[in-house]
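For reference, the structure is listed below as structure tokens.
The values are calculated or read from the model by the stated rules, or taken from the named source; none is laboratory data. Since the model is a prediction, treat every value here as computed from it, not as a measurement. Cβ placement follows ideal geometry from the backbone for every residue including glycine, while neighbour counts extend to all protein chains displayed.
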């Protein structure tokens with residue numbers, strides 16, 4: 001795992017296996033200095049760029065994702081306040097179909113399809129509904145003609161879109177401040 005200190009990874013994996021919480025010093029981008037917090041990690045995810053720890057945060061009393069790179073120090077273990085199964089976002093899946101932007105030429109679509117390993121010009125995703133994915137799902141349904149996005153949602157149910165919008169609106173600033181993903 002690129003950029004993840006072995007000791008941090010070992011402590012997080014130990015806490016996941018033993019279903020305990022750990023104290024971490026965590027540097028987020030929303031605060032100027034690291035803050036000690038107790039988290040109960042239950043999952044590790046990769047968003048294509050960075051590794052994350054899915055965990056219950058005892059300061060904010062909510063399931064969140066923490067970047068491994070933001071964990072500055074770890075100390076102490078405690079009984080976990082919640083169980084992994086209580087993270088509804090992590091355990092809820094939905095399916096959507098994405099493909100090249102419809103305004104691209106056939107040649108451009110072929111390049112995009114090849115780049116993303118598409119079959120029949122599309123990808124069927126079964127994913128956890130998360131903040132980043134909810135924001136992308138809500139914004140990509142507009143199919144703007146500027147072609148700023150090479151991929152767009154081709155098929156997702158109205159229920160999935162409503163669920164994504166509701167989840168996005170439940171985050172601070174209506175989802176405009178999305179520093180982390182949930183297993184995307």
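Filter the range 103-117 for residues that are in contact with a strand residue (DSSP E or B) (Cβ under 7 Å, 6 or more places away or on another chain) and at pLDDT below 85 and give the result.
Passing the criteria: only 116.
Step by step: first the residues of the range 51-75, then only those that are in contact (Cβ under 8 Å) with a residue 24 or more places away in the chain and assigned to a loop (DSSP other than H, G, I, E, B), then the one that is farthest from residue 10 (Cα to Cα). Which residue is that?
Only one residue tops the list, namely 59.
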